[in-house]
Amino acid sequence: MTGLPFIAFCYGIAFASSVSASAFFLRFWSSTRDPFFAWFAAAFALLGVHWAALVGANPAAEARPYYYLVRLLAFVLIIVATTQKNRSRGGG
């Protein structure tokens, strides 16, 4: 399979991007103490863990349910952050 190194390279790029986004949001959380940024930092850190786990796995393993559950949890954190921020603004 000649595409495996390229797939691992792409997973590595996704990992680095997720970790960078997490650090970005963590920096804003440390200066503002807004929980919105903490939720986003946690979500992107979780996505980074997901991509790092896939680097060492078989590319066909991406379809396994526990990989989807990690992604689902990350997106649920983003949804929680967004709804919490919108509710705190007063819905008006």
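Within region 26-33, can one find any residue that is small (Gly, Ala, Ser), modelled with pLDDT of 95 or more and surrounded by fewer than 18 Cβ atoms within 10 Å (Cβ to Cβ)?
Quick first cut of region 26-33, residues small (Gly, Ala, Ser) only: 30-31.
Now restrict to residues that are modelled with pLDDT of 95 or more: 30-31.
Filter once more, keeping what is surrounded by fewer than 18 Cβ atoms within 10 Å (Cβ to Cβ): 30-31.
Yes, because at least one residue in region 26-33 is small (Gly, Ala, Ser), modelled with pLDDT of 95 or more and surrounded by fewer than 18 Cβ atoms within 10 Å (Cβ to Cβ).
Among 23, 74, 41, which is the only one that is crowded, with 16+ Cβ neighbours inside 10 Å, modelled with pLDDT of 95 or more and more than 28 Å from residue 3 (Cβ to Cβ)? Steps first, answer last, please.
On the way: 23 fails: crowded, with 16+ Cβ neighbours inside 10 Å; 74 fails: more than 28 Å from residue 3 (Cβ to Cβ).
Step by step, each of 23, 74, 41 is checked, and only 41 is crowded, with 16+ Cβ neighbours inside 10 Å, modelled with pLDDT of 95 or more and more than 28 Å from residue 3 (Cβ to Cβ).
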Residue set 42, 23; condition of a type in the set (Gly, Ala, Ser) and within 18 Å of residue 70 (Cβ to Cβ); output residue 42
With respect to residue 57, is the statement that it is surrounded by 11 or more Cβ atoms within 10 Å (Cβ to Cβ), in a helix (DSSP H, G or I) and either among the aliphatic types (A, V, I, L, M) or modelled with pLDDT under 95 (or both) true? no
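The values are calculated or read from the model by the stated rules, or taken from the named source; none is laboratory data. It should be emphasised that the depicted structure is a prediction, and the values quoted were computed from it without experimental measurement. No Cβ is skipped: glycine too gets one built from the backbone with ideal geometry, and neighbour counts run over all protein chains shown.
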